[in-house]
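Student: Take a look at the following structure, please.
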């Protein structure tokens, strides 16, 4: 068995859940958007600037698709106030700890 199979698991027994993958993808998408936004301000070549602009727009579109999916599954509560979000995160962490005992 390869390291990738060990990491992802076999068939539907993956230790990485859809929720965690979706939230990781959201974080990666945010970072991509941040990097491309900074890069575009430094580019002087108009053709390269247009290429990066197109990539940035694609990344933004993909981010919203992932976010909409995560919101529809109640995995990502984008509308919660910060205090509520902290309580939810603490409860989820406690559930994980309880399940691992």
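The values are calculated or read from the model by the stated rules, or taken from the named source; none is laboratory data. Small disclaimer: the values here were computed from a predicted structure and weren't measured. Neighbour counts run over all protein chains shown; Cβ positions are idealised from the backbone, glycine included.
Student: Within segment 44-79, restricting attention to residues that are touching a helix residue (DSSP H, G or I) at 6+ places or on another chain (Cβ under 7 Å) and free of Cβ contacts under 8 Å to residues at least 12 places away in the same chain, which residue is surrounded by the fewest Cβ atoms within 10 Å (Cβ to Cβ)?
Tutor: 78
Student: Given the conditions (1) modelled with pLDDT under 95; (2) surrounded by 11 or more Cβ atoms within 10 Å (Cβ to Cβ); (3) on the phi < 0 side of the Ramachandran plot, which single one is not true for residue 9?
Tutor: (3) is the only condition that residue 9 fails.
Student: Something else now. Where residues in segment 12-33 are loosely packed, with under 12 Cβ neighbours inside 10 Å and assigned to a loop (DSSP other than H, G, I, E, B), which of them is modelled with the highest pLDDT?
Tutor: Out of the qualifying residues, it is 17.
Student: Another question, then. When both residues are 6+ apart or on different chains and their Cβ atoms are under 7 Å apart, which pairs have a first residue that lies in segment 88-101 and is within 15 Å of residue 75 (Cα to Cα), and a second that is surrounded by 10 or more Cβ atoms within 10 Å (Cβ to Cβ)?
Tutor: Between residues of segment 88-101 that are within 15 Å of residue 75 (Cα to Cα) and residues that are surrounded by 10 or more Cβ atoms within 10 Å (Cβ to Cβ), the close pairs are 88/77; 88/80.
Student: Further question: Would you mention how many residues in segment 80-90 are exposed (fewer than 10 other Cβ atoms within 10 Å of the Cβ) and over 28 Å from residue 36 (Cβ atoms)?
Tutor: The total comes to 2.
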